[in-house]
Amino acid sequence: MSDYQQYLQERDRIDYLYQKGYKITNIKEDLEGAQIEFQRAEEDKETLHILTAEGRKYFSVRVIQQN
Amino acid sequence: MADLSINLAGIKSPNPFWLASAPPTNSGYQVQRAFEAGWGGAVWKTLGEPIINTSSRFAAISFNGQRVAGFNNIELITDRPLEVNLKEIYETKKRFPNHAIIASLMVEPQQEKWHEIVKKVEDVGVDGLELNFGCPHGMAERGMGAASGQVPALVEKQTYWVKEMAQTPVIVKLTPNITDITATAEAAVQGGADAISMINTINSLAGVDIHSWNTIPHVAGKGAHGGYCGPAVKPIALHMVGECARNPRINIPISGIGGVSNWENAIEFMLMGATGVQVCTAAMHHGFRIVEDMIEGLNNYLDEKGIASVNDLVGKAVHKYSDWGDLDLNYKVVARINNDVCINCNKCHIACEDTSHQCIDMLKDGEGNPILRVREEDCVGCNLCSIVCPVDGAIDMVELPNEFPPMTWNERQAAIGALACAVDTVK
């Protein structure tokens, strides 16, 4: 799978959680990419592991928009 | 005709093209010949205690048929007595009163030595002084040139001593052989400099002869590091000029030096903050008359742009030179190959496949002819294919419409940081 295809999948997963009412609450970046923590209600938490550079750019744009 | 005259910290010249302190400005004969050709100013080859030079002094780098792409020298400052130089400066200034003559100076870092030489050269009518804190070889081993130019405190102190005595504008010439040239530029400002010039030559060894195993150049089988200049150093010089021009604490004019070979190069330096330029290697390669093309080219450029004075160029591109953290991460360009121009040499494909992002496909068109096509979704816009392409117009780098709003790295990090703070607050 090309980086671009992988990015499209990551973007879809991020968009899906936003559509469900989640927001990004925490981001941990390390050697493996970024762990993005989403939260909707107190108990509703999800984590996405974003690997691609375009994906990291995309969630950054969403964080700025969310702020 | 546009106005090409400049005024650099009070030093006036009919155009922005000066000869740099170097072999072309060694004598009155040469400087007068340069002024006759059209040069607006000359920085006289560095005056100081006369030295003894070696035989075999220069070397050049040729690259793929381009002669003198880079130039290396181990020549030192003037080897003639001060009085001889002063007499010729006086005669030259008398003959060319409207041209700028700047005396390059280098003495040991002692107050009385600076005072003595400043008084002597100003008495013969120079328009300004340039302090040589940059020469990287020979003189540096004696505590002068780059040896003092690499120490901000020495730059400041010596500039101050000169300013105690000087009646004419003082330009401090900086060495590039330092991690951050703004440190010494700021020191020059603190010392009271009226202007700075950059860059002096870069420490270098031009080569090693693979048959004799001698250095290039060599002196009786031995070599020593020299100073590198010429077209190859232009990007380094331009960066250093830009760094100083955009530093708010360096608020004095800049004389740009380093690989300036034609009028286009001069415009680049001026757009990046230089008030004028100094030239050496190009004159050594092609002779003084290259200035005719420089003047004509600059004048035509200004006329075509409707710019009345060359001074209106100074610093116009400085605000575009920023830090990586302030670049827009969402800006995107991609390569597009024009197959009607492409000669199918496949250099772009090979470059992309071997050393970049593997996004140029070798395909066949409807008639079975070989074509190259970029998969734009995988192209990162690195420019490599267009750089290696031997045919003008075969590859365009095309801006894509912004999918997302502009976002810099600094903005991204601030937003992510704010997120963490918000979480901390909730906790």
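The values are calculated or read from the model by the stated rules, or taken from the named source; none is laboratory data. Computed from a prediction, not measured in an experiment: that's the story for all the values here. Neighbour counts are summed over all protein chains in view; Cβ atoms, including those assigned to glycine, are modelled from backbone coordinates with ideal geometry. With ligands, DNA and RNA removed, areas are computed over all heavy atoms of the protein, side chains included. Shrake-Rupley method; radii C 1.70, N 1.55, O 1.52, S 1.80 Å.
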State which residue pairs qualify: first residue over 16 Å from B:ALA22 (Cα atoms) and inside segment B:60-72, second residue open to solvent by 100 Å² or more (accessible area, probe 1.4 Å) in any location, beta carbons under 7 Å apart, and separation of 6 or more residues or different chains. B:ALA69/B:PHE63
Pull out all pairs, ordered by first then second residue, where Cβ-Cβ is under 8 Å, the residues are six or more apart or on different chains, the first lies in segment B:397-415 and is more than 11 Å from chain A (Cβ to nearest Cβ) and charged (D, E, K, R), and the second is open to solvent by less than 70 Å² (accessible area, probe 1.4 Å) and in a loop (DSSP other than H, G, I, E, B). B:GLU399/B:LYS332
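Of everything in segment B:370-413 that's of a type in the set (Gly, Ala, Ser) and part of a loop (DSSP other than H, G, I, E, B), which residue is surrounded by the fewest Cβ atoms within 10 Å (Cβ to Cβ)?
In this case the residue turns out to be B:GLY393.
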Exactly one of these conditions fails for B:VAL333: (1) closer than 30 Å to B:LEU298 by Cα; (2) touching a residue at least 40 places away in the same chain (Cβ under 8 Å). Give me its number. (1)
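For segment B:109-146, what are the residues that are part of a loop (DSSP other than H, G, I, E, B), β-branched (Val, Ile, Thr) and within 14 Å of B:VAL43 (Cα to Cα)?
The one that is part of a loop (DSSP other than H, G, I, E, B), β-branched (Val, Ile, Thr) and within 14 Å of B:VAL43 (Cα to Cα): B:VAL126.
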Wholly within chain A, which strands (runs of 3 or more DSSP E) include no fewer than the required count, namely at least 2 residues that are within 13 Å of chain B (Cβ to nearest Cβ) and open to solvent by 40 Å² or more (accessible area, probe 1.4 Å)? A:23-30, A:33-39
Please verify whether segment B:334-352 includes one or more residues that are open to solvent by 70 Å² or more (accessible area, probe 1.4 Å) and at the interface with chain A (Cβ under 10 Å from one of its Cβ atoms). no
Test for B:CYS389: is it within 14 Å of chain A (Cβ to nearest Cβ) and either over 32 Å from the mean Cα position of the chain (by Cα) or closer than 15 Å to B:ASN344 by Cβ (or both): no
Give B:GLY368, B:GLY315 a once-over and let me know the one that is more than 13 Å from chain A (Cβ to nearest Cβ), without any contact (Cβ under 8 Å) to a residue 12 or more places away in the chain and over 28 Å from A:VAL63 (Cβ atoms). B:GLY368
